[in-house]
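Scroll down for the structure; my scribbles are underneath it.
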Amino acid sequence: MVLWCHDNLFTIITIVPVLWVIRRLFYRIQPRWFVYFLHLFNSNGLGPFKEESKDHFASLSSIVSHDPELRKKKAIRILEIGVGTGVNSCHYPDGSHLVAVDRNPHLKSYWENCRKRLPNIHTGELLVASAENMEQIADNSIDVVVVTLMLCSVPDIDTILREILRVLASGGKYYFIEHIAEFDLQKHGLRRKLQDVGHWLGFWSFLFDGCHMNRDILTNIERAGFSSVDAQKFYNKTWFIFSLTSPSLKGIATK
Ligand SMILES: C[S@@+](CC[C@H](N)C(=O)[O-])C[C@H]1O[C@@H](n2cnc3c(N)ncnc32)[C@H](O)[C@@H]1O
């Protein structure tokens, strides 16, 4: 080994800094690439869950705020975490007060454009923060938390669910839609294997912001401590390689 290092000293001295620069460049480019991908995907109407979202969020209009001031105005306070380019905002009831959180600072300009198209709801600037620690948001202050397509890519689902429970007012609702691991192994066992292999190879995570195709997620939500969880598994209509993420989960958990 020592001899090999000695013989290849020049190569090692050259390659190590090059690899270091490539790694640094990748980490700089990755969040920008993902924002561009999200924008392209959603603005061309290719984003998933269009029909499901419409139905899923329809019940938001029947929610009554815990905050007496908002209640008088028949409005609610919504926190959307991992807001991305803002695809869900068009489903929020008129007069809603929306707090939008995302960890990716490159989304700011997309969020500003999105806000301009939402004159019917009250929005603020994008709060750039990690879902694992949203200290800017007070305990028991939120009527509804919305998270879609985010728990697949976070390092620690349980910490985020604890944060959601912390900020929700008593009786508050957590609306979720996520893609999950294949759940019908009899019919789609091959898809499950491909999800595992794709994850193991790391290419999917590499391209899509740390996304895991093979997470269960419902188990985490069920054991997080909500008073009730109403969830359904379904298949989302997708195409080409994205059909690997067709198995999905939607639901509402109540604090
Ligand atoms: C796949 S995108 C989905 C965006 C949007 N919710 C949608 O359905 O189109 C996931 C988003 O969650 C954000 N995100 C991922 N992990 C996060 C974390 N730990 N805290 C806050 N945002 C996070 C990403 O930056 C990205 O904007």
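The values are calculated or read from the model by the stated rules, or taken from the named source; none is laboratory data. All values derive from a computational prediction rather than experimental measurement. All Cβ positions, even for glycine, are placed from backbone atoms using ideal geometry, and neighbour counts span all protein chains on display. Side chains included, ligands, DNA and RNA excluded: accessible areas come from the protein's heavy atoms. Shrake-Rupley method; radii C 1.70, N 1.55, O 1.52, S 1.80 Å.
With every protein chain in place, what's the accessible area of Met150 (1.4 Å probe, Å², nearest 10)?
Accessible surface of Met150 is approximately 20 Å².
Roughly how much of Leu70 is accessible, in Å² to the nearest 10, using a 1.4 Å probe?
About 10 Å², rounded to the nearest 10.
Which whole number in µm²/s is D for the range 115-255 by Stokes-Einstein, with the Kirkwood Rh taken over Cα pairs at 20 °C and 1.002 mPa s?
Reported coefficient: 131 µm²/s.
For the chain, what's the radius of gyration and Dmax over Cα atoms, in angstrom?
According to the Cα coordinates of the chain, Rg and Dmax are 20.8, 79 Å.
Which helices, counted as full DSSP H runs in the chain, have an axial Cα extent of no less than 20 Å and a Kyte-Doolittle average of 0.0 or above?
TM-like helix candidates: 9-43.
Please list the equivalent ellipsoid semi-axes of the range 32-119, computed as the square roots of five times the alpha-carbon gyration tensor eigenvalues, in descending order and whole angstrom.
Values for the range 32-119, descending: 26, 15, 10 Å.
Scattering from the C-alpha atoms of the range 195-239 alone, worked out with Debye: what is log10 I(q)/I(0) at q = 0.17, 0.20, 0.24 1/Å?
Each listed q maps to, in turn, -0.68, -0.83, -0.93.
Taking the alpha-carbon centroid of each part, what is the distance from the range 174-242 to the range 48-110 in angstrom?
About 23 Å separates the Cα centre of the range 174-242 from the one of the range 48-110.
Karplus couplings for the range 223-233 from phi (6.51 cos²θ - 1.76 cosθ + 1.60, θ = phi - 60°), rounded to Hz, Gly and Pro as x?
9, 6, x, 6, 6, 8, 9, 10, 9, 10, 9
How would Glu135, Glu163 rank on accessible area, largest to smallest, probe 1.4 Å?
Descending accessible area places them as Glu135, Glu163.
For n ≥ 4 DSSP H runs only, could you compute -39500 (n - 2.57) per run for the chain, divide by its residues and tell me the 222 nm figure to the nearest 500?
One gets -12000 deg cm²/dmol as the mean residue ellipticity at 222 nm.
Could you give the size of the charge dipole of the range 87-164 about its Cα centre, using +1 on the Cβ of each K and R and -1 on the Cβ of each D and E, expressed in debye and rounded to the nearest 20?
420
Considering only Cα-Cα distances, which of the following residue pairs are longer than 28 Å: Lys74/Lys173; Lys74/Lys255; Lys187/Lys237; Lys116/Lys237; Lys233/Lys255?
Lys116/Lys237
Given a 1.4 Å probe and the protein chains all in place, what does the accessible area of Tyr174 round to, in Å² to the nearest 10?
Solvent-accessible area, nearest 10 Å²: 0 Å².
Please compute the Kirkwood hydrodynamic radius over the range 136-194, one decimal place, Å, based on all pairs of different Cα atoms.
13.4
Select from Gly251, Pro119, Val101 the residue farthest towards the positive end of the dipole of the chain; place +1 on Cβ of Lys and Arg, -1 on Cβ of Asp and Glu, and compute about the Cα centre.
It is Pro119.
Please list Tyr36, Tyr92 from largest to smallest accessible area, probe radius 1.4 Å, with all protein chains kept in place.
If we order Tyr36, Tyr92 from most to least accessible, we get Tyr36, Tyr92.
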